[in-house]
Each structure stands twice: as C-alpha cells, then as structure tokens.
Amino acid sequence: MVAARPRYDDGNNLDGAMIEDAPSAETILIRPARVDDAESMVGYMTALTNEALDTISVRMPPTLEDEREFVLRTKLSERVLILLAFAGEELVAILDLSAGPRPSDRHAGRFGMSVARAWRGKGVGRKLLSAAIEETKGWPGFCRIELECAPWNERAIALYEGLGFVLEGRRRKALNLRGRPEDMLLMALTW
C-alpha cells in the first residue's frame with residue numbers, strides 16, 4: 001500500500017505546516033475479508049445503517065458472531081467473495097458477490113457494495129468493483145455480474161456504466177426505500 005504523500009502549504013499559511021492530501025483511491029488496499037475483520041465490518045455496517053441512506057435496504061447491523069460466520073462461510077464456499085477496502089487500518093468499503101448455487105446459474109453472480117461517507121466519490125468504489133471483476137474473470141465458466149440499483153443513485157449508476165455495466169431492465173415498484181413503492185434498475189456486465 002502506498003502511503004499518502006504529505007504536501008506543504010502553498011504559502012498562505014504563515015507557519016508552513018504540512019497539509020494532508022485529500023483521501024484518494026491510490027492509498028486504498030483491497031483484499032479478501034478474513035474472520036478477524038469481523039469487528040471492523042460490524043462497526044462499518046453499523047455506521048452505514050445509521051446514515052439511513054435511501055439507496056440501500058434498511059436492516060439491523062450484523063452481530064460480531066454473525067459477521068464471523070458470514071466471512072467463514074464465504075471462505076468455505078466456491079464462487080463467493082467478500083472484498084474489503086482499507087485506508088490504513090480503517091475499513092472504508094465492502095463488496096460481497098455470490099454466484100448462483102445451481103449449475104444453471106453458476107456462470108453469473110450478484111453483488112452488493114457500499115463505501116463509507118468520507119470516501120464516496122474518490123474512486124474507492126471503482127477500485128473495489130474492478131478488483132471483484134478481475135477476480136471473477138478467473139472463475140471457470142463465469143461470465144456475468146448482475147446488480148440491482150435505485151434509479152436515483154446517479155453516482156453509482158455512472159460508476160457501473162463506466163465499468164461496462166448496461167441497463168437490462170426495470171422492475172416496477174420493486175423498492176420501498178423512501179416510504180412508497182418505486183422502480184428498481186437491473187444492470188449487468190458480461191464478457
């Protein structure tokens with residue numbers, strides 16, 4: 001991992017103090033989740049849940065034991081992965097992806113991804129999803145990644161389209177994230 005390079009004030013600050021660079025994806029480490037990451041994952045998911053975003057389903061944050069079991073099950077499963085993005089010791093994004101369980105749908109998988117508030121719009125999601133795409137391209141016979149997205153999540157849609165995902169459909173009144181049924185977009189990347 002490359003550490004953020006400190007820079008010095010441009011002269012407007014009379015004491016010449018160092019200024020920390022803004023967070024960027026260049027400083028992010030992407031790696032598979034480990035069982036000992038469970039505590040960080042619970043803290044991350046609790047903070048995400050507390051944001052009450054209108055782009056993700058509301059659910060209770062997992063318990064520490066639930067998260068440990070989730071990571072362990074993933075490690076023992078084929079065509080399932082959890083990737084984590086770290087800025088130093090801080091967990092700043094999570095992606096989980098699972099292929100279908102049957103022979104008829106093992107060539108395709110669905111993912112969910114989130115990025116911590118302070119890191120949104122800085123390329124972390126792109127770096128994390130790109131890593132997942134590269135990993136799954138190595139799975140024999142795997143050729144499709146699917147997602148569901150709220151149509152008002154424009155930044156996410158732009159990210160997905162920038163990585164080659166295309167709109168495949170719209171599920172009418174499939175979401176209720178803002179107090180009323182609304183449509184959900186279906187997108188996919190194939191190779």
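The values are calculated or read from the model by the stated rules, or taken from the named source; none is laboratory data. Note that this is a predicted model, so its numbers are computed, not measured. Note that we place each Cβ from the backbone using ideal geometry, even for glycine, and neighbour counts take in every protein chain shown.
Some values worked out for this structure:
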read-out	value
Test: residue in segment 166-175 that is hydrophobic (A, V, I, L, M, F, W, C) and modelled with pLDDT under 95	yes
Phe111 being under 30 Å from Asp36 (Cβ atoms), aromatic (Phe, Trp, Tyr) and surrounded by 16 or more Cβ atoms within 10 Å (Cβ to Cβ)	yes
Set Ala87, Ala150: member being in contact with a Phe, Trp or Tyr (Cβ under 9 Å, 6 or more places away or on another chain), surrounded by 12 or more Cβ atoms within 10 Å (Cβ to Cβ) and not β-branched (Val, Ile, Thr)	Ala87
Yes/no for Lys127 being within 14 Å of Ala85 (Cβ to Cβ) and either over 13 Å from the mean Cα position of the chain (by Cα) or touching a residue at least 60 places away in the same chain (Cβ under 8 Å) (or both)	yes
Looking only at segment 109-137, and only at residues there that are small (Gly, Ala, Ser) and outside any loop (DSSP other than H, G, I, E, B), the one that is farthest from Tyr44 (Cα to Cα)	Gly109
Scope segment 74-87; condition in contact (Cβ under 8 Å) with a residue 40 or more places away in the chain and either part of a strand (DSSP E or B) or within 14 Å of Asp37 (Cβ to Cβ) (or both); matching residues	Thr74, Lys75, Leu81, Ile82, Leu83, Leu84, Ala85, Phe86, Ala87
Sole residue being in a loop (DSSP other than H, G, I, E, B), of a type in the set (Lys, Arg) and within 11 Å of Arg79 (Cα to Cα), chosen from Arg106, Arg102	Arg106
Leading residue by the ranking (surrounded by the most Cβ atoms within 10 Å (Cβ to Cβ)) among those in segment 42-76 that are charged (D, E, K, R) and within 17 Å of the chain's Cα centre (by Cα)	Glu67
Hits in segment 151-178 - residues which are of a type in the set (A, V, I, L, M) and more than 15 Å from the chain's Cα centre (by Cα)	Val166, Leu167, Ala174, Leu175, Leu177
